[in-house]
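A quick write-up on the structure given underneath.
The values are calculated or read from the model by the stated rules, or taken from the named source; none is laboratory data. Please read all numbers here as calculations on a predicted model, not as lab measurements. No Cβ is skipped: glycine too gets one built from the backbone with ideal geometry, and neighbour counts run over all protein chains shown. Just the protein is used for accessible areas: all its heavy atoms, side chains included, with ligands, DNA and RNA removed. Shrake-Rupley method; radii C 1.70, N 1.55, O 1.52, S 1.80 Å.
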Amino acid sequence: MNTETSLPAFEWPTLEKGWVWLCGAGPGDPGLLTLHALNALRQADVVIYDALVQEAILSWAPQAEHIYAGKRGGKPSAKQRDISLQLVDLAREGKRVLRLKGGDPFVFGRGGEEAQTLVQHGVPVRIIPGISAGIGGLAYAGIPVTHRDVNQSVTFVTGHDQSGDTPSSLDWTSISKGSQVLVIYMGMKNIAQIAQKLVSAGRALSEPVAVVANATTPHQRVLETTLGAVVADVEAAGMEPPAIFCIGRSVLMRQVLDWQGQAAGEAPRDLDPLGRGRPAESA
Ligand code: SAH
């Protein structure tokens, strides 16, 4: 197989010296990178990357210096301010800087803060979005984040605040009532509290929940459970972060849309899990 990752013909932008491109790397599978990200990897002098960025993606920038700036819950880690200032320093040294973050840089990734610091220091920036785990990761598990029969809105929620606690500023009652489907990032540590708050606010114990860990990677694991059983089931299954929690009836669609299971030879469990009847030939 050709391992050379060439770009199709197009007027690709040039990563100029002294610039920082703040770029999403997607949720894991290197194939979910954008072409702008690949173009950036090709040109960078230095790549500053986060914990969830896959090795294969970094290997597409063999000419560049690779600097790890990962932050994982509980482990000693680079401080956000230090990372932002390091980006400023590298740009001022005249480097072509690629800041590569998991998923989308502006979705619970503190990309906005980094970009703001760069702009405040007069460093020119380009933003390259990526596929966020809460959308693409669910798709790899066969869960559509919106589905016409289920939800007309979706709410993305962070499961912990800066101190690591359940975000106290969040109004869980409103969140619970406001949207049929909730997608929770960074929820593993506080899932017991989150589930309890949602049930107190009126969500059913029987509501479907999916937990998708290491989504889109070879280590992807999917747990299907309910709001009432999620805590015990996550523990029994030994699910580890990074994981996305999806709460809502769209999880049922996995029974028909688990395309990875089907590729491995499993039959769909239910062709019509929402009980809406078969779709007409033309809608
Ligand atoms: N900017 C990222 C999110 C960063 S916050 C994005 O847009 O996806 C980190 C959280 O994202 C993790 O705690 C987890 O909830 C989620 N996450 C990131 N990658 C993931 C993956 N491959 N599988 C499951 N969850 C993932």
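If the chain linking Trp12 and Arg110 were pulled fully straight, counting 0.36 nm for each residue of separation and taking away their Cα-Cα distance, it would gain 32.6 nm. In the full protein context, the chain carries 50 Å² of accessible surface per residue, based on a 1.4 Å probe and ignoring ligands, DNA and RNA.
Convex hull volume of the Cα atoms of the range 134-263, normalised per residue: 99 Å³.
The residues packed around Asp233, meaning those with a beta-carbon under 13 Å from its beta-carbon, carry a net charge of -1 if Lys and Arg are +1 and Asp and Glu are -1. Just so you know, the averaged projected area of the alpha carbon convex hull for the range 148-220 sits at 5.9 nm². Antiparallel beta bridges, as assigned by DSSP with both residues in the range 134-263, represent about 75 percent of the total such bridges.
Of all the Cα-Cα pairs you can form in the range 20-131, what percent are over 18 Å apart? When every Cα pair of the range 20-131 is considered, 42 percent fall beyond 18 Å. Spin-label pair Arg92-Ala264: with each label point 7 Å from Cα along the Cα-Cβ axis, the two points sit 5.1 nm from one another. Label-to-label distance for Arg126 and Val256 is 4.2 nm, based on points extended 7 Å past Cα in the beta-carbon direction. How large a share of the accessible area of the chain, in percent, is made up of carbon and sulfur atoms when the probe is 1.4 Å and the other protein chains stay in place? Carbon and sulfur atoms account for 53 percent of the accessible area of the chain. Using 17 Å as the cut-off for backbone N distance, which residues of the range 214-240 belong to the label zone defined by a point 7 Å from the Cα of Gln196 along Cα→Cβ? Zone members listed by number: 227-235. Between helix 191-200 and the chain there is an angle of about 50 degrees, using the helix long axis and the longest principal axis of the Cα atoms. With both labels modelled 7 Å from their Cα along Cα-to-Cβ, the Val119 to Thr158 distance reads 1.8 nm.
Packing order of peptides 42-54, 231-243, highest average first: 42-54, 231-243 (average count of other Cβ atoms within 10 Å over each peptide's residues). Computed over the chain, the P(r) curve from all C-alpha pair distances, binned at 5 Å from the origin, holds 1, 5, 12, 15, 16, 14, 12, 10, 8, 5, 2, 0, 0 percent per bin. The lysines within cross-link reach of Lys79, meaning a Cα-to-Cα straight distance under 24 Å and a gap of 8 or more places when in the same chain, are Lys71, Lys95, Lys101, Lys189. Annotation: average projected area of the range 119-187 is 7.1 square nanometres, based on the convex hull of Cα atoms across all directions.
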